[in-house]
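Below: one structure, written as structure tokens.
The values are calculated or read from the model by the stated rules, or taken from the named source; none is laboratory data. What you are looking at is a predicted structure, and each value in this text was computed from that prediction instead of being measured. A quick note on method: Cβ atoms are made from the backbone with ideal geometry, for glycine too, and the neighbour counts reach across all protein chains shown.
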Amino acid sequence: MGLSALSTRSDTATFIVFKKPKKEQGILQVRVQTLYPGRNMKMNSQKIYEILKKRVVAGHYQAGTQLKESHIAADMEISRTPVRAALKRLVEDGLAVAEEGRGVFVAGWTRWDIEDMFRLRIRLEPFAARLAAERAGMDIIEKLKRCNAQMEQAIDASLNGAESIAEIQAANSAFHHLLLEAAGSQRLKVMLATMIDMPVITRSFFLYDIEDFRRSLQHHKDIVMAVELRHGDLAEQIMSCHLLTSNQIFMSQRLDGSPSA
């Protein structure tokens, strides 16, 4: 394969790509390819994975939606290779499923999927809270407090009719991920990260009322207090209570016929 520059600008470079002909065909294959150095070259598989994950979690891609490699590559103006790697990671994380001969699709969640994931999370995340109480430095404790302040501000804004539920959810997610950082266990972090960002759970925040939000925030504050006091037992117990309460709200909404992912 060879490259020949056709035109260049400050933000793009267009090339004619020559492919060596196959012996049986004897035809020189030619195509024009435009590269976007300022944008495309920085879009590695990790960045693409993060973008796609956010779209799945936020509901931009609904359950059952096909994630077409070619469409994503065209949309992001990148090659298909890093997209393929990013889709593979989504499948590994349980956010997508690969069907042989059909492609990759956004994963749906049955009631059993949700219950299994909750059972795993309630065994692991309270332990993470205990580890955080033992290991967290003051810098990350301050970050946890700032997350709570942001969540409280978003809750107060929602009283005035502001569209702030997404901000509440973002602060909630950031808190739980920071707590994993504070626990100082990479293995635990890997196991729990996807559970925290389950699309069906993330979007359940839109089913909360103001009292549910305030109760959740108070749990967060109590967890930070226990971490700051280096009281592992207390941090573990509060996190267990927090998760049990959240699951009870969520499952009661589902049984009432509320929509899920």
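Take the conditions of a type outside the set (Phe, Trp, Tyr), out of contact with any helix residue (DSSP H, G or I) (no Cβ under 8 Å at 6 or more places or on another chain), at pLDDT 95 or above and in the same structural domain as His242 (by TED's automatic domain parsing) and apply them to Glu152. Does it pass?
no
Any residue that is within 30 Å of Arg230 (Cβ to Cβ) and not in a helix (DSSP H, G or I) - is there at least one of those in the stretch 134-147?
Scanning the stretch 134-147 turns up at least one residue that is within 30 Å of Arg230 (Cβ to Cβ) and not in a helix (DSSP H, G or I).
Quick check, is Gln66 at pLDDT 90 or above and in contact with a Gly (Cβ under 6 Å, 6 or more places away or on another chain)?
yes
Restricting to the stretch 90-118, give me the number of residues that are touching a residue at least 24 places away in the same chain (Cβ under 8 Å) and in contact with a Leu (Cβ under 9 Å, 6 or more places away or on another chain).
9
Which condition breaks for Ser260 when tested against (1) assigned to a helix (DSSP H, G or I); (2) modelled with pLDDT under 85?
Failing condition for Ser260: (1).
Is there a residue being farther than 30 Å from Leu67 by Cα, over 18 Å from the mean Cα position of the chain (by Cα) and at pLDDT 95 or above anywhere in the stretch 166-182?
Yes, that holds for at least one residue.
Output the residues belonging to the stretch 49-70 that are of a type in the set (Asp, Glu) and surrounded by 14 or more Cβ atoms within 10 Å (Cβ to Cβ).
Hit for the stretch 49-70 is Glu69, nothing else.
Could you identify the single residue in Met76, Met43 that is without any contact (Cβ under 8 Å) to a residue 40 or more places away in the chain, farther than 29 Å from Ser185 by Cα and crowded, with 16+ Cβ neighbours inside 10 Å?
Residue meeting the stated conditions: Met76.
Is it the case, given these coordinates, that Thr110 is modelled with pLDDT of 90 or more, among the β-branched types (Val, Ile, Thr) and surrounded by fewer than 17 Cβ atoms within 10 Å (Cβ to Cβ)?
Judged against the criteria, Thr110 is not a match.
Across the stretch 131-144, what is the total count of residues that are surrounded by 15 or more Cβ atoms within 10 Å (Cβ to Cβ) and under 24 Å from the mean Cα position of the chain (by Cα)?
7
Every residue in the stretch 62-101 that is under 20 Å from the mean Cα position of the chain (by Cα) and of a type in the set (Lys, Arg), please.
Lys68, Arg84, Lys88, Arg89
Scan the stretch 174-224 for residues that are hydrophobic (A, V, I, L, M, F, W, C) and surrounded by fewer than 16 Cβ atoms within 10 Å (Cβ to Cβ) and report the count.
The number of residues fulfilling the criteria is 4.
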